[in-house]
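This report concerns only the one structure given below.
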Amino acid sequence: MEMISVINHPHPVLPAVGVESRAHVWKAGETIRELLIRQGLDTHQEITIILNDRLLTVEEWDTVCPQPKDIINVKAVVSGGGSDDGGSDVGQVIMAIVVVVVAYYTGIYVGG
């Protein structure tokens, strides 16, 4: 029985937290996505997949078939941030800091 190793790194900021390493039976013709779904991983979450030492594109998840003794690393990535384009909204962060500073210095006058 030939096996494939899947290492899941579910925490995007602390790579050592919650790491799970599992061996799965190799199935000829099974794609990366099919293997991960069979393992119970959600392939629609923000993740990167490294097959041995190669970072795969999302398109390759449905075309690349791992081979026996391959190692698949699944790593959660940080995403989002609140702006419409999914990135971090720097202006919003700066305004929040300004509000805190102004409230600190004007609070004694307003509060009595």
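The values are calculated or read from the model by the stated rules, or taken from the named source; none is laboratory data. Predicted model only: the values in this text are computed from it and were never measured. Neighbour counts run over all protein chains shown; Cβ positions are idealised from the backbone, glycine included. With ligands, DNA and RNA removed, areas are computed over all heavy atoms of the protein, side chains included. Shrake-Rupley method; radii C 1.70, N 1.55, O 1.52, S 1.80 Å.
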- Item | Which numbered condition Val74 fails, given (1) over 12 Å from the mean Cα position of the chain (by Cα); (2) in a strand (DSSP E or B) | (1)
- Task: Go through (1) open to solvent by 20 Å² or more (accessible area, probe 1.4 Å); (2) in a loop (DSSP other than H, G, I, E, B) one by one and return the number of the condition His24 breaks.
- Result: (2)
- For the range 33-55, name all the residues that are more than 15 Å from Ile7 (Cα to Cα) and at pLDDT 90 or above. Glu34
- Right, Ala96: at pLDDT 75 or above and either out of contact with any helix residue (DSSP H, G or I) (no Cβ under 6 Å at 6 or more places or on another chain) or not charged (D, E, K, R) (or both) or not? no
- Qualifying positions in the range 1-35 - within 14 Å of the chain's Cα centre (by Cα) and not polar (S, T, N, Q): Ile7, His9, Pro10, His11, Pro12, Val13, Leu14, Pro15, Ala16, Val17, Gly18, Val19
- Scan the range 36-57 and report the pairs whose first residue is of a type in the set (D, E, K, R) and whose second residue is open to solvent by 40 Å² or more (accessible area, probe 1.4 Å) and not in a loop (DSSP other than H, G, I, E, B), with Cβ atoms within less than 6 Å and a gap of 6+ or a chain change. none
- Note on the structure: Residue set Gly111, Gly29, Gly82; condition open to solvent by 50 Å² or more (accessible area, probe 1.4 Å), of a type outside the set (S, T, N, Q) and modelled with pLDDT of 95 or more; output residue Gly29
- Query: Do any residues in the range 1-16 that are part of a loop (DSSP other than H, G, I, E, B) have Cβ atoms under 7 Å from those of residues that are at pLDDT 85 or above and of a type outside the set (A, V, I, L, M), where the two are at least six apart or on different chains, and which pairs are they?
  - Reply: Glu2/Trp26; Glu2/Pro68; Pro10/Gly18; His11/Gly18; Pro15/His9
- Taking the range 1-21 and the residues there that are under 14 Å from Ile50 (Cβ atoms) and in contact with a Pro (Cβ under 7 Å, 6 or more places away or on another chain), the one that is least open to solvent (accessible area, probe 1.4 Å) would be Ile4
